[in-house]
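Readers should treat all values here as calculations from the given coordinates under stated rules, not as data from a laboratory. The shown structure was predicted, so the numbers you read here are calculated from the model rather than taken from an experiment. Virtual Cβ from ideal backbone geometry, glycine too; neighbours counted across all protein chains shown.
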């Protein structure tokens, strides 16, 4: 769930810190939470504090409920399933 932001004077770069995982390409089984939390950091940086908080709350709610989990958390949900559940909580 590690997100990161590298913020300079003129530019900022946001990325999850898990590195690449080409062996999982096209399998839709990688947990998207680090990427979603990275989006939250970017929204904060862009001044979209309310939306950033809503996204963080939605992520926390999905994790707490534990119904939609990828394999690394003992579940069977796909990357898309998790992302869709977070999006559903946002709406």
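When only residues in the stretch 49-61 that are touching a residue at least 24 places away in the same chain (Cβ under 8 Å) and surrounded by fewer than 17 Cβ atoms within 10 Å (Cβ to Cβ) count, which is nearest to residue 11 (Cα to Cα)?
Only one residue tops the list, namely 54.
Could you check the stretch 62-74 and list, in sequence order, the residues that are within 16 Å of residue 29 (Cβ to Cβ) and either touching a strand residue (DSSP E or B) at 6+ places or on another chain (Cβ under 8 Å) or buried (at least 16 other Cβ atoms within 10 Å of the Cβ) (or both)?
68, 69, 70
What number of residues within the stretch 9-24 satisfy the criterion of being assigned to a helix (DSSP H, G or I) and within 23 Å of residue 74 (Cβ to Cβ)?
Filtering the stretch 9-24 for residues assigned to a helix (DSSP H, G or I) gives 22-24.
If we keep only those that are within 23 Å of residue 74 (Cβ to Cβ) too, we end up with 23-24.
Counting residues in the stretch 9-24 that are assigned to a helix (DSSP H, G or I) and within 23 Å of residue 74 (Cβ to Cβ) gives 2.
Can you tell me which residues in the stretch 25-48 are exposed (fewer than 11 other Cβ atoms within 10 Å of the Cβ) and farther than 30 Å from residue 76 by Cβ?
47
Out of all the residues in the stretch 25-48, which are within 15 Å of residue 5 (Cβ to Cβ) and in a helix (DSSP H, G or I)?
34, 35, 36, 37, 38, 39, 40, 41, 42, 43, 44, 45
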